[in-house]
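Visitor: Sharing a structure with you now.
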Amino acid sequence: MPRAIAFTAVLYSLGVLPELIGSGRGLAEALKQKLPLTRFYLNFKVDIVWAGRFLNKENLELLTKINPAWRQVAEDVKLIEKNFRLKLGPKTDADFLHRNLTSNVYYLWRAKKPLNETISQSGKIRQSLG
């Protein structure tokens with residue numbers, strides 16, 4: 001598996017989507033500078049909202065306590081929600097099941113227990129590992 005796929009698979013498996021990293025700060029800066037973001041990325045909001053369904057805010061909060069670098073990702077989420085006037089997170093039953101699985105991944109990881117089955121289950125819901 002290429003490193004980029006493994007990297008994104010880890011993020012998705014924890015419920016922290018790579019699409020969100022930097023997007024909130026970038027969106028805020030584009031709005032501040034009055035840049036026509038949607039002219040260059042037509043489906044930006046659609047893509048972010050779709051990815052946001054798989055966000056596990058609880059895991060992100062726990063990760064910020066382990067490493068302060070995650071605070072920037074938490075800030076991205078807040079800025080996206082503020083500027084798009086919406087809440088990211090699970091919407092459908094499948095999304096909530098995914099959120100629960102990503103919580104399991106976090107706790108299994110912290111306990112140094114096997115993750116393979118739980119990661120596979122969450123990937124099936126997303127229809128992708130990374």
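The values are calculated or read from the model by the stated rules, or taken from the named source; none is laboratory data. Owing to the predicted nature of the structure, the values given are computational and were not obtained by experimental measurement. Cβ: placed from backbone, ideal geometry, glycine included. Neighbour counts: every protein chain shown.
Visitor: Taking Val73, is it on the phi < 0 side of the Ramachandran plot, in a helix (DSSP H, G or I) and buried (at least 16 other Cβ atoms within 10 Å of the Cβ)?
Guide: Against the criterion (on the phi < 0 side of the Ramachandran plot, in a helix (DSSP H, G or I) and buried (at least 16 other Cβ atoms within 10 Å of the Cβ)), Val73 qualifies.
Visitor: If you don't mind, another one. Looking only at the stretch 109-130, which residues are aliphatic (A, V, I, L, M) and either touching a strand residue (DSSP E or B) at 6+ places or on another chain (Cβ under 9 Å) or under 18 Å from Ala6 (Cα atoms) (or both)?
Guide: Across the stretch 109-130, the qualifying residues are Leu115, Ile119, Ile125, Leu129.
Visitor: Considering the stretch 82-95 alone, what residues qualify as being assigned to a helix (DSSP H, G or I) and either within 16 Å of Leu63 (Cβ to Cβ) or under 14 Å from the mean Cα position of the chain (by Cα) (or both)?
Guide: Asp95
Visitor: If you check Phe7, Phe54, Phe44, which single one turns out to be touching a helix residue (DSSP H, G or I) at 6+ places or on another chain (Cβ under 8 Å), in contact (Cβ under 8 Å) with a residue 24 or more places away in the chain and over 18 Å from Ile125 (Cα atoms)? Lay out the reasoning, then the answer.
Guide: Working: Phe54 fails: over 18 Å from Ile125 (Cα atoms); Phe44 fails: in contact (Cβ under 8 Å) with a residue 24 or more places away in the chain.
Testing whether each residue is touching a helix residue (DSSP H, G or I) at 6+ places or on another chain (Cβ under 8 Å), in contact (Cβ under 8 Å) with a residue 24 or more places away in the chain and over 18 Å from Ile125 (Cα atoms) leaves just Phe7.
Visitor: Please work out if Leu79 is part of a helix (DSSP H, G or I), surrounded by 14 or more Cβ atoms within 10 Å (Cβ to Cβ), free of Cβ contacts under 8 Å to residues at least 60 places away in the same chain and not aromatic (Phe, Trp, Tyr).
Guide: Yes, satisfied.
Visitor: Can you run down the residue pairs with Cβ atoms below 7 Å, 6 or more apart or on separate chains, where the first is in the stretch 10-28 and among the acidic types (Asp, Glu) and the partner is crowded, with 17+ Cβ neighbours inside 10 Å?
Guide: The qualifying pairs are Glu19/Ile48; Glu19/Ala51.
Visitor: So, restricting to helices (runs of 4 or more DSSP H) that lie completely within the stretch 1-65, which ones have at least 3 residues that are modelled with pLDDT of 95 or more and exposed (fewer than 12 other Cβ atoms within 10 Å of the Cβ)?
Guide: none
Visitor: Okay, next question. Which of the residues that make up the stretch 110-123 are assigned to a helix (DSSP H, G or I) and either of a type in the set (Val, Ile, Thr) or farther than 16 Å from Thr8 by Cβ (or both)?
Guide: Residues satisfying the conditions are Arg110, Asn116, Glu117, Thr118, Ile119, Gln121.
Visitor: From the list Leu35, Leu31, exactly one residue is touching a helix residue (DSSP H, G or I) at 6+ places or on another chain (Cβ under 9 Å), touching a residue at least 12 places away in the same chain (Cβ under 8 Å) and not β-branched (Val, Ile, Thr). Which is it? Please lay out each step first, then the result.
Guide: On the way: Leu35 fails: touching a residue at least 12 places away in the same chain (Cβ under 8 Å).
Being touching a helix residue (DSSP H, G or I) at 6+ places or on another chain (Cβ under 9 Å), touching a residue at least 12 places away in the same chain (Cβ under 8 Å) and not β-branched (Val, Ile, Thr) holds for just one of Leu35, Leu31, which is Leu31.
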